[in-house]
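The next block holds one structure in the form of structure tokens; read it before the comments.
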Amino acid sequence: THIAREEGITYFAAGHHATEREGVRRLGLKLAGHFGLDVRFVDIPNPV
């Protein structure tokens, strides 16, 4: 983070689990709309 700030580089720090949830949720919505499916996103916290 400090190196990015010193170099003027935009840096976004986010965890693996947090960054992948939204993509999977949106994919489910897209598939539901396209195929008429009943899709539910179940967010189960991952303590790892």
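The values are calculated or read from the model by the stated rules, or taken from the named source; none is laboratory data. In this text the structure is predicted, and so the values were computed from the model without any measurement. Ideal geometry is used to build each Cβ from the backbone, glycine not excepted, and the neighbour counts take in all protein chains shown.
Kindly indicate whether R5 is in a loop (DSSP other than H, G, I, E, B) and of a type in the set (K, R).
No; evaluated as a whole, the condition is false for this residue.
Is it the case that R40 is under 21 Å from the mean Cα position of the chain (by Cα), in a loop (DSSP other than H, G, I, E, B) and surrounded by fewer than 12 Cβ atoms within 10 Å (Cβ to Cβ)?
Criteria met by R40.
Could you please find all residues in region 1-24 being basic (K, R) and farther than 20 Å from V48 by Cβ?
R5
For region 10-22, how many residues are farther than 15 Å from V42 by Cβ, of a type outside the set (S, T, N, Q) and at pLDDT 80 or above?
4
Does F41 satisfy being in contact with a helix residue (DSSP H, G or I) (Cβ under 7 Å, 6 or more places away or on another chain) and at pLDDT 90 or above?
Judged against the criteria, F41 is a match.
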